[in-house]
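S.K.: Could you have a look at this structure, given as structure tokens, before my questions?
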Amino acid sequence: MQRTRLRHAAVEPSGADRYIAVMSSATLFEPPPPARADALLSILIAPHAVLKARARPVREGDADDVRALLPRLLATMYKAPGIGLAAPQVGVKLRVTVVDLQQDNVRAPITLINPEVVAASEERATREEGCLSLPGQYADVTRPARVKVRYQDETGARREIEADGLLSACLQHEIDHLDGILFVDHLSALKRNMILRRLAKEMRQKAQ
Ligand SMILES: [Zn+2]
């Protein structure tokens, strides 16, 4: 997810107040080696077939690939800059995403492997979203205000996050990417097409 304009960031409570991470035992992966191969990845721009595809779950046999991917995914997100990046956005069709709201410019990355929304509030919230795969495009998106997300962290430990505010929207936005859904897919066809046309035009102009 792209960092949106500051009027939203300014009213958010601190990250620590907004989620509780619960850890349990099962370990799928060895701890990652010291980050070294953090070469940047190219971010796919909509419309791209991979962005519309459903990513497959990470399995034990993917451990090496995921371990190699994570530092690069994070480095690419920070460089963009963004507050969330999903593996399909860099052409990797695995259910992996990274999120870091970087509040007060402090890095606190969350790595989510095979994340799923296991509970969502009836109450809905609307906030402006952007996406690194639709650079420069923003729109108000309405989603459940609070969600509970179950996932595995980079060590394979099973965890749970309860989130509201920006973190809730960001988690839902990133998990959507794993199902081939972009934030514009939550808008009317009219608005979506307007944004996609504007993006295509801006990309054409940039390429000239
Ligand atoms: Zn996105």
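S.K.: Restricting to region 90-110, count the residues that are under 17 Å from LEU41 (Cα atoms) and surrounded by fewer than 22 Cβ atoms within 10 Å (Cβ to Cβ).
M.R.: The total comes to 5.
S.K.: Test of understanding: among GLY180, GLY130, GLY136, which residue is within 16 Å of the ligand (Cβ to nearest atom), surrounded by fewer than 17 Cβ atoms within 10 Å (Cβ to Cβ) and under 13 Å from the mean Cα position of the chain (by Cα)?
M.R.: Going through GLY180, GLY130, GLY136 in turn, the sole match is GLY180.
S.K.: A further question on this structure: If a residue must be more than 16 Å from the ligand (Cβ to nearest atom), among the aliphatic types (A, V, I, L, M) and not in a strand (DSSP E or B), how many such residues does region 90-126 contain?
M.R.: 2
S.K.: Being more than 19 Å from GLY130 (Cβ to Cβ), of a type in the set (Gly, Ala, Ser) and either surrounded by fewer than 16 Cβ atoms within 10 Å (Cβ to Cβ) or over 17 Å from the mean Cα position of the chain (by Cα) (or both) is the filter here; which residues of region 34-81 pass it?
M.R.: ALA35, ALA37, ALA39, ALA49, ALA53, GLY61, ALA63, ALA68
S.K.: Look through ARG197, ARG192 and report the one residue that is free of Cβ contacts under 8 Å to residues at least 24 places away in the same chain and either in contact with a Cys (Cβ under 6 Å, 6 or more places away or on another chain) or under 13 Å from ALA139 (Cβ atoms) (or both).
M.R.: ARG192
S.K.: Could you count how many residues in region 43-73 are in contact (Cβ under 8 Å) with a residue 12 or more places away in the chain and closer than 20 Å to LEU182 by Cα?
M.R.: 15
S.K.: Let me ask another. Just one of LEU69, LEU28 is at pLDDT 95 or above and either at negative phi or not in a loop (DSSP other than H, G, I, E, B) (or both); which is it?
M.R.: LEU69
S.K.: Next question. LEU196 is checked against (1) crowded, with 22+ Cβ neighbours inside 10 Å; (2) within 16 Å of the ligand (Cβ to nearest atom); (3) over 12 Å from the mean Cα position of the chain (by Cα) and fails just one. What number does that condition carry?
M.R.: (1)
S.K.: If you scan region 43-67, which residues turn out to be among the β-branched types (Val, Ile, Thr) and within 24 Å of ASP185 (Cβ to Cβ)?
M.R.: ILE43, ILE45, VAL50, VAL58
S.K.: Name the pairs: first residue in region 149-171 and touching a residue at least 12 places away in the same chain (Cβ under 8 Å), second residue assigned to a strand (DSSP E or B) and of a type in the set (Ser, Thr, Tyr), Cβ to Cβ under 8 Å, at least 6 apart or on different chains?
M.R.: ASP153/THR111; GLU154/THR111; ARG158/TYR151; ARG159/TYR151; GLU160/TYR151; ILE161/TYR151
S.K.: Could you pull out the residue among ALA163, ALA120 that is crowded, with 20+ Cβ neighbours inside 10 Å, touching a strand residue (DSSP E or B) at 6+ places or on another chain (Cβ under 9 Å) and more than 17 Å from LEU44 (Cβ to Cβ)?
M.R.: Step by step, each of ALA163, ALA120 is checked, and only ALA163 is crowded, with 20+ Cβ neighbours inside 10 Å, touching a strand residue (DSSP E or B) at 6+ places or on another chain (Cβ under 9 Å) and more than 17 Å from LEU44 (Cβ to Cβ).
The values are calculated or read from the model by the stated rules, or taken from the named source; none is laboratory data. In this text, all values refer to a predicted model and were calculated from it rather than measured experimentally. Note: ideal-geometry Cβ built from the backbone for every residue, glycine included; neighbour counts use all protein chains shown.
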